[in-house]
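Notes follow once the structure below has been shown.
The values are calculated or read from the model by the stated rules, or taken from the named source; none is laboratory data. Values in this document were obtained by computation on a predicted structure and should not be read as measured data. As a convention, Cβ positions derive from the backbone with ideal geometry for all residues, glycine included, and neighbour counts pool all protein chains shown. To get the accessible areas, we keep the full protein, side chains included, count just its heavy atoms, and leave off ligands, DNA and RNA. Shrake-Rupley method; radii C 1.70, N 1.55, O 1.52, S 1.80 Å.
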Amino acid sequence: QAFRASVLAALGRNEEALRTVAAAWMRWPDAAFIWYATWLTLCGAGKLDEADALTSRNVPKRGVTPKDVRMLQAFSALLRLPEAERGPPCETMLANLARSTKPLALSSCMVAAAAGRADMAFDVLEKALDEGRAIRPDPHDGFGMARSLSSMQLFVNAGGAPFHSHRRFPHLCARLGLAQYWIESGQWPDCADQVEYDFRAECAKAVAARA
């Protein structure tokens, strides 16, 4: 149910996502990942006061680290800024990520892209791939998605649209092996019909360039 809520939020169906994750919370009130999914869904729906309440008064006793809580609170603070003021903090975050040797979180790059720093986010991500640096879905230690699900983050994250709409996205998909699968299977992600460029053609070009 938590993953379903994430997908619904990514599609902009926030009210349905909130109902879905609320039902999951009723069943698993102590589950750290459900707590996180609830927080994420509230942020996506613009309910920041309720999201902040989760990280200040309703933190699960197990499966959530103080670092996780600080990162969620920092993201909420970023969302409270006017859109025009979100870019500089994201530039600082990306610069710090670029200097690090730890696994790079896709969700952090997607947050920066949504704040108008897509090119810088793609630069950091492609540099990490060039260097053989590990990629992870998110930066959370206690409740994050499994590293094997990294590519899924690109499509269940509610901030995916700024990434998908960028013309460097097909090249990234080819590097991750996604474009090859779509071409061979004929099964394409929803964004193929939602972006303003020919996503299928660009994926084919990116795959051919890597052959």
Label point 7 Å beyond Cα of Ala22 along Cβ direction - residues of region 49-68 with amide nitrogen under 16 Å: 49-51, 54
In a Gaussian network model of the chain with springs linking alpha carbons closer than 10 Å, the residue among Ala53, Ala161, Ala98 that fluctuates most is Ala53
Which residues make up the longest stretch of the chain that has no trypsin sites (Lys or Arg not before Pro) in a DSSP loop with at most 11 other Cβ atoms within 10 Å? 63-211
For the chain, with a Gaussian network of springs between Cα atoms less than 10 Å apart, report the residue from Ala115, Ala17, Ala31 with the top mean-square fluctuation. Ala31
Calculate, for the chain, the solvent-accessible area per residue in square angstrom, rolling a 1.4 angstrom probe over the heavy atoms of the protein chains. 52 Å²
Given contacts defined as C-alpha pairs under 8 Å and at least six residues apart, what's the relative contact order of the chain, whole-number percent? 18 percent
Between Arg57 and Arg167, what FRET efficiency comes out of the Förster formula 1/(1 + (r/R0)^6) with R0 = 45 Å and r the beta carbon distance, rounded to 0.05? 0.55
With no solvent and one equal point scatterer placed on each C-alpha of region 152-211, evaluate the Debye formula and give log10 I(q)/I(0) for q = 0.17, 0.24, 0.26, 0.29 Å⁻¹, two decimals. -0.48, -0.99, -1.17, -1.42
What number in nm² do you get for region 1-93 if you take the convex hull of its Cα atoms and divide its surface by four? 6.2 nm²
Summed residue charge, Cβ within 14 Å of Asp30's Cβ, Lys/Arg positive, Asp/Glu negative: +3
Computed [θ] at 222 nm, helices only, for the chain once each DSSP H run of length n ≥ 4 contributes -39500 (n - 2.57): -18500 deg cm²/dmol
Counting only other residues whose beta carbon sits under 13 Å from that of Ser100, what net charge do I get with K and R as +1, D and E as -1? +4
Go through Lys67/Lys127; Lys47/Lys102; Lys102/Lys127; Lys47/Lys67 and tell me which ones have a Cα-Cα distance over 24 Å in this structure. Lys67/Lys127; Lys47/Lys102
Fully extended, how many nm does the chain gain between Arg175 and Asp30 (0.36 nm per residue separation, minus their Cα-Cα distance)? 48.4 nm
Given GluC sites (Glu not before Pro), DSSP loops and at most 12 other Cβ atoms within 10 Å, the longest exposed-site-free stretch of the chain is 1-130
Full-extension gain between Glu15 and Tyr197, please, as 0.36 nm times their residue separation minus the C-alpha to C-alpha distance. 62.5 nm
In Å, what Rg and Dmax follow from the Cα atoms of region 91-207? 13.7, 40
Debye log10 I(q)/I(0) at q = 0.17 Å⁻¹ for region 54-141, Cα point scatterers: -0.74
Could you compute the net charge surrounding Arg167? Neighbours are other residues with a C-beta less than 15 Å from the C-beta of Arg167; K and R count +1, D and E count -1. -2
Among [x] -0.28, -0.35, -0.53, -1.39; [y] -0.38, -0.46, -0.63, -1.15; [z] -0.32, -0.41, -0.60, -1.39, only one was calculated for this model; which label is it, if the read-out is log10 I(q)/I(0) by the Debye sum over Cα atoms at q = 0.08, 0.09, 0.11, 0.18 Å⁻¹? [x]
Given +1 on the Cβ of Lys and Arg, -1 on the Cβ of Asp and Glu, and no further charges, what dipole in debye does the chain carry about its Cα centre, rounded to the nearest 20? 600 debye
Under 14 Å from a label point 7 Å along Cα→Cβ of Arg133: give me every residue in region 89-123 with its amide N that close. 92-110, 120-123
Which whole-number percent is the relative contact order of region 1-81 (Cα, under 8 Å, 6+ apart)? 26 percent
